[in-house]
Amino acid sequence: MKRFTILTAVSLALLSFLSCDRTHFDVFAPDELGMPEHAYYVGEEGGEVTIDYLSNKKGDITLIDPSDEEWLWLSTSEYGAEDGSMSVKVLKNDGFQRRADLLFFSDTRKDTVSVFQYGAVEEKVDILDGSVLVLNGSTEANTVATDINIPLERITTQVRVSGAEDWITDCQLSPSRLSFKTTDNPDKVYMRRGDIALSYKDGWDILQTRMVTVVQARADNNIGTVFTPEQLRSVATVSGYTLPDDALVEGYIVSTTEGGNAGDAIVEDYKQGTGVIDYTLTARTSYLESADGQYGFRLIARNEYANEFTRYSRVTLGIGGAVVKRSDSEPVCYTIEGVSSNDILTSSDGTATMPWKEKSINELTDNDLNTLVTIKNCEIAMRKGPFTPVNEGYTSACGYNRLAKYPILIRDIEGGSMYMFTNMTCPYRRNGETLPYGSGDITGIVVHETYKRFEKDGNIGRYQLRHLVREEIDLKPDFADNFSGLITEFRYAKFPGEWDETLLDDAILATKGNGELCHTYGAVSNFSPTYFYIGECGSKKKNKYKEGAGIELDEGGIYQPWVDNHTEDAQNTDGKGWFKDNLKLSWSNKYWWDSSNSRGYCWLVVFSTEGIVSDRVSMQFAMYNNSQSARSPRYWKAQYSLTTYDTSASSDSEWIDIAEFTVPDVAIWASQNDWQTLGTRVYDFPLPTEILGHELVSIRLMPRNNKAAAKSVDSYDDSTIANNSGYNTMDYFAVRYNK
């Protein structure tokens with residue numbers, strides 16, 4: 001009862017207060033001044049900029065530096081008592097980039113807006129030699145070449161050395177050189193290092209610093225022992241040879257970690273779920289090419305912070321204590337482990353002097369390993385999907401680590417082909433862009449890396465290529481701009497129309513060129529999921545499928561069967577990058593062994609080559625085995641005929657061998673083995689030019705024996721083909737010729 005009385009009294013007092021005259025309690029809105037944007041950028045040609053502001057009180061506008069009126073004009077010197085805008089006219093800039101700051105202010109508030117204009121002339125304070133080695137005993141000044149086009153009074157020179165002695169003295173700067181002197185180094189054991197920093201504020205008032213590293217020899221002027229590439233190779237062992245403390249190597253740094261694709265990753269266990277791939281190896285990898293371009297070494301830094309080399313720099317690098325290794329099989333590759341970019345003694349821009357190598361694929365030799373090579377006049381062999389057409393459910397994008405890299409096939413005008421690796425850490429591997437389908441050049445590091453997912457022993461060719469940045473995959477976007485032309489191509493299941501006549505029973509038609517494809521057991525009636533979605537994938541990219549499978553149509557636009565068939569749900573919604581089987585982007589069959597005749601069924605393709613003349617013709621196709629119970633054909637052969645399309649045993653004498661190959665199985669959930677793929681494998685085989693000029697050419701792809709993976713999926717080929725179980729999928733087939 002007492003509590004009720006107190007609450008009632010308080011309530012009555014509050015009501016009494018609220019009912020009083022409120023003339024002495026006026027509330028004033030606070031002054032307001034603010035800007036939605038504080039930075040505006042204008043091109044060198046100038047123009048007009050509209051600056052918005054938020055205000056409830058009048059104020060003034062002025063340039064903080066009045067001299068900026070020479071190139072920037074304000075439309076007004078005041079702003080109003082309500083939200084509004086004002087304009088600024090910016091004149092053409094024939095000089096360096098520049099900046100003007102506008103002050104908005106009243107007696108209670110102020111805010112600043114900056115206008116940044118690009119310039120027609122780039123400010124340059126370039127040091128052409130990033131580091132320099134000096135000896136004792138010289139009284140002459142040491143010089144470093146520079147390229148400076150701004151007034152020298154804008155530049156501050158600062159010497160930074162450790163210890164008490166200022167051993168770098170008398171720094172003099174001119175537009176073309178930096179000179180300095182040094183006192184002698186009394187230390188008989190260690191060289192010493194210092195830096196000369198050139199600092200200036202650029203036209204946008206941002207502090208810029210350029211650095212020269214000065215390394216001075218020991219008291220006896222010994223800077224170490226330079227190992228030639230031949231010497232490094234001679235001491236390398238499989239287990240590793242530790243180099244002496246004073247070891248040096250000279251050459252060009254030809255790589256960059258910018259694209260996340262410089263090196264391999266360490267895969268410890270394909271069967272586990274997470275945390276089994278060491279991606280840091282890529283960030284620690286660089287490549288050193290000898291001065292003549294004849295030899296290359298893979299460099300593995302102590303950590304990613306020790307791998308801050310400058311691409312195309314010519315260096316003298318301290319490698320004392322590092323370990324030089326050679327691979328234990330052919331082709332022999334050489335690696336130097338335990339290096340650091342902090343151990344660079346000298347560094348200069350080598351762009352103009354390094355040996356730029358351009359080759360066709362068939363011209364590559366073992367001496368090209370770990371060097372930078374431009375593969376001339378080449379193309380991507382399959383016109384479909386992204387750089388990594390894989391099941392993202394097995395990658396870090398979906399929180400799993402079972403796949404670190406993936407190879408796609410490139411081929412060149414000379415008929416050579418090789419795989420090109422793309423890491424799952426590469427930011428442009430699946431970014432929504434269609435692959436370039438024209439020809440051109442691709443520049444990258446030539447490597448020899450195994451890939452067990454395509455072959456049990458991992459050997460997928462003597463050489464592979466590692467691209468480093470997207471711009472160096474310099475292919476034309478359109479297939480019309482290509483050295484090759486298509487005789488026949490199948491990119492999706494195209495069925496005959498009502499009036500189409502086919503030679504083969506239950507055939508599908510070529511999507512470009514002429515031709516038919518069928519399966520000799522029966523109709524192409526089965527279809528498979530595909531991982532050709534070209535956009536970003538992963539657990540955070542669900543329900544964001546818009547870009548398609550990278551199949552551009554001749555008549556324009558992209559192939560989108562889900563639109564015409566109203567099967568949008570066939571685009572996978574869990575971020576794994578796949579399209580469902582009812583979109584028919586891949587076709588498959590589960591009958592592969594004719595037991596009564598002890599021979600395989602086959603994929604059969606027929607087409608015409610009439611009127612085509614060329615010095616080169618070739619075949620490309622993509623395959624994988626996709627049965628969850630395995631039992632799909634492991635060993636295959638490709639054959640052609642100019643006289644028949646009959647695939648029975650009675651006509652075998654009319655079929656001529658093209659090549660033999662193996663087809664990998666897809667991964668089978670948690671029981672994944674290292675020889676199981678996570679996407680399609682692309683093949684390229686040359687064809688004889690005798691097939692040209694014929695009304696009918698037949699090609700068959702068929703198992704050459706009955707071997708298959710065991711049902712337990714623990715064996716590569718210890719089981720047999722099982723009909724109605726062992727699927728094989730094809731999702732691309734083409735025959736090309738050089739135009």
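Which net charge results when you count Lys and Arg as +1 and Asp and Glu as -1 among the other residues whose beta-carbon is under 11 Å from that of Arg154?
Summing Lys and Arg as +1 and Asp and Glu as -1 gives -2.
Exposure proxy check: Ile266, Ile534, Ile612 ranked by fewest other beta carbons within 10 Å? Show your work: numbers first, answer last.
On the way: Ile266 12, Ile534 25, Ile612 17.
Ascending Cβ contact count within 10 Å gives the list Ile266, Ile612, Ile534.
With respect to the cross-link table entries Lys590/Lys711; Lys325/Lys359; Lys542/Lys580; Lys325/Lys452, which display a Cα-Cα separation exceeding 20 Å? Provide the component values of the computation, followed by the final result.
Working: Lys590/Lys711 15 Å; Lys325/Lys359 27 Å; Lys542/Lys580 15 Å; Lys325/Lys452 23 Å.
In this structure, Lys325/Lys359; Lys325/Lys452 exceed 20 Å between Cα atoms.
Report Rg/Rh for the stretch 386-527, rounded to two decimals, where Rg is the Cα radius of gyration and Rh the Kirkwood radius.
On the way: Rg = 18.4 Å, Rh = 17.9 Å.
Here Rg/Rh amounts to 1.03.
With labels modelled as points extended 7 Å from the Cα through the Cβ direction, what inter-label distance (nm, one decimal) is found for Arg233 paired with Ser539?
Result: 4.7 nm between the two label points.
Which Rg and Dmax, in Å, describe the Cα atoms of the stretch 225-349?
So, for the stretch 225-349, Rg and Dmax equal 14.6, 47 Å respectively.
Give the average over all directions of the projected area of the C-alpha convex hull of the stretch 484-738, one decimal, in nm². Let's see the in-between values first.
Working: hull surface 58.4 nm².
So the Cα hull casts an average projection of 14.6 nm².
Please compute, for the alpha-carbon atoms of the stretch 33-117, the extent along each of the three principal axes and give them in descending order in Å.
39, 21, 17
Counting other beta carbons within 10 Å of each residue's own, what order do Cys426, Cys171, Cys333, Cys537 fall into, fewest first? Let's see the in-between values first.
Values: Cys426 24, Cys171 16, Cys333 20, Cys537 29.
Ascending number of Cβ neighbours within 10 Å: Cys171, Cys333, Cys426, Cys537.
Sequence-distant or interchain residues sharing an amide H contact under 5 Å with Cys602, placed H: which?
When sequence neighbours closer than 5 places are left aside, the close amide H contacts are Thr520, Tyr521.
Return one number: the angle in degrees, 0 to 90 and rounded to the nearest 10, between the long axis of the Cα atoms of helix 2-18 and the longest principal axis of the Cα atoms of the chain.
Compared with the principal axis, the helix lies near 70 degrees.
Between the stretch 211-284 and the stretch 613-656, what is the separation of their alpha carbon centroids in Å?
Result: 45 Å between the Cα centres.
Enumerate the calculated ³J(HN,Hα) couplings along the stretch 116-132 in order (Karplus 6.51 cos²θ - 1.76 cosθ + 1.60, θ = phi - 60°), each rounded to whole Hz, writing x wherever the residue is Gly or Pro.
Running phi through 6.51 cos²θ - 1.76 cosθ + 1.60 with θ = phi - 60° gives 10, 10, 6, x, 6, 10, 7, 5, 10, 10, 9, 9, 7, 10, x, 8, 9 Hz.
For the pair Gln560 and Lys201, how long in nm is the line joining their label points, each one 7 Å along Cα→Cβ?
Here the answer is 5.2 nm between the modelled labels.
Could you please state, rounded to a whole Å, how far the C-alpha centre of the stretch 354-405 is from the C-alpha centre of the stretch 155-207?
Centre-to-centre (Cα) distance: 43 Å.
Semi-axes of the stretch 388-435's equivalent ellipsoid from the Cα gyration tensor, sqrt of 5 times each eigenvalue, largest first, rounded to whole Å? Numbers along the way, then the final one.
Working: eigenvalues 121, 29, 12 Å².
They are 25, 12, 8 Å, listed largest first.
As a footprinting exposure proxy, order Met191, Met730 by other Cβ within 10 Å, with the fewest listed first.
Details: Met191 19, Met730 23.
In order of increasing Cβ crowding within 10 Å: Met191, Met730.
Please list the non-local residues whose amide H lies under 5 Å from the amide H of Ile344, H modeled 1.01 Å from N, same-chain partners needing a gap of 5 or more.
Counting only residues 5 or more places away or on other chains, the set is Gly318.
Could you point to the label whose value was computed as volume of the Cα convex hull per residue in Å³ for the structure here, given [x] 313; [y] 218; [z] 271?
Entry [x].
First select every other residue whose beta carbon is under 13 angstrom from the beta carbon of Gln639; then total the charges, Lys and Arg +1, Asp and Glu -1.
Values: positive: Arg599, Lys637, Arg700, Arg704; negative: Asp646, Asp652, Glu654, Asp657, Glu660.
So the environment of Gln639 carries a net charge of -1.
Tell me, what ³J(HN,Hα) does each residue in the stretch 221-226 have, in order and in whole Hz, if you take phi through Karplus 6.51 cos²θ - 1.76 cosθ + 1.60 with θ = phi - 60° and put x for Gly and Pro?
Those phi angles translate into 6, 8, 9, x, 9, 7 Hz.
Based on alpha-carbon centroids, what's the gap between the stretch 702-739 and the stretch 41-89 in Å, whole number please?
Measuring centre to centre over Cα atoms gives 70 Å.
From the backbone phi of the stretch 315-324, what are the Karplus-calculated ³J(HN,Hα) couplings (6.51 cos²θ - 1.76 cosθ + 1.60, θ = phi - 60°) in whole Hz, Gly and Pro given as x?
Karplus values, whole Hz, x for Gly and Pro: 10, 10, 10, x, 10, x, x, 6, 10, 9.
A short reminder: the numbers here are calculations on the coordinates, not readings from a lab. Since this is a predicted model, take the numbers as computed values, not measurements. Cβ atoms come from the backbone with ideal geometry, glycine included; neighbour counts cover every protein chain shown.
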